[in-house]
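Have a look at this one before I ask anything.
The values are calculated or read from the model by the stated rules, or taken from the named source; none is laboratory data. The structure displayed is predicted, hence computed values, not measured ones. So basically every Cβ, Gly included, is an ideal-geometry build from the backbone, and we count neighbours across all protein chains shown.
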């Protein structure tokens, strides 16, 4: 199946959201530290996994002040992609080619204050049913790797909800409106208030449509073409019809309701009314 409207909206909104939070909130911190070997049955024998204490890392080089790594130090010597190192930004780790499991690896990177995930889960499942590992940005010693693949918090979970078409102009142009929902899971009220405030002010923002091929990472979590800059990427599609955020609504779960949850997290909700004027199947 070729790419459809919803595919492009999902990719575009996700990349915009991640950049907007990092840019407006400076929601990241630069870290330097050790990497720890662990076994990963999902990897083929080509690589050994060495994990940092944090995930996700910042991929976007347009974020001022953020350290976007291009490699790690193995035994004190820099090793990059040309040396067989794959950087898995999503899982916060380096994949090293070879069979050694006792390497001394260190590195520097920027870690997001909030991981960002696309999800098909309902708000109820995310808030009530699911249990999470807290990957605090201020962990206490001793440091160790963070396990891969599972979602960790603090995090924002993004999902597409209601959508509808309405006639807009002669010739078949439609007014397409989609509700994008975000569930925010924070460690404390300061974090939660910050995210809700940032996106409350995102109304009337325009989002350039980026196709799925513009998604920046590979199946192993590394950067395509070794680099990614959101500003440059969105400018490649500046001539296309943009998505428009027509309105934003924020809310939060009360402390009374929080007491019934399986986790001790602060929960907020953001609803985005996203609009685009377009011709169907064009």
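Here is a list: 64, 10. Which entry is at pLDDT 95 or above, closer than 21 Å to residue 202 by Cβ and surrounded by 15 or more Cβ atoms within 10 Å (Cβ to Cβ)?
10
Could you list all residues from region 222-255 that are touching a residue at least 40 places away in the same chain (Cβ under 8 Å), part of a loop (DSSP other than H, G, I, E, B) and either more than 30 Å from residue 47 (Cα to Cα) or in contact with a helix residue (DSSP H, G or I) (Cβ under 7 Å, 6 or more places away or on another chain) (or both)?
253
Within region 58-73, take every residue that is out of contact with any helix residue (DSSP H, G or I) (no Cβ under 8 Å at 6 or more places or on another chain) and in a strand (DSSP E or B) and give me the one that is farthest from residue 104 (Cα to Cα).
72
Of (1) out of contact with any strand residue (DSSP E or B) (no Cβ under 9 Å at 6 or more places or on another chain); (2) modelled with pLDDT under 95; (3) under 25 Å from residue 153 (Cβ atoms), residue 24 satisfies all except one. Which?
(2)
Here's another thing I want to ask about it. Is there a residue being part of a loop (DSSP other than H, G, I, E, B) and under 16 Å from residue 155 (Cα atoms) anywhere in region 205-216?
Checking region 205-216: not a single residue is part of a loop (DSSP other than H, G, I, E, B) and under 16 Å from residue 155 (Cα atoms).
What is the residue count in region 33-57 for residues that are part of a strand (DSSP E or B) and under 18 Å from residue 111 (Cβ atoms)?
Count: 8.
Can you tell me which residues in region 256-267 are part of a loop (DSSP other than H, G, I, E, B) and either modelled with pLDDT of 85 or more or at positive phi (or both)?
Passing the criteria: only 265.
Taking region 60-87, which residues are within 25 Å of the chain's Cα centre (by Cα), farther than 23 Å from residue 234 by Cα and in contact (Cβ under 8 Å) with a residue 12 or more places away in the chain?
Within region 60-87, 71, 72, 81, 85, 86, 87 meet the criteria.
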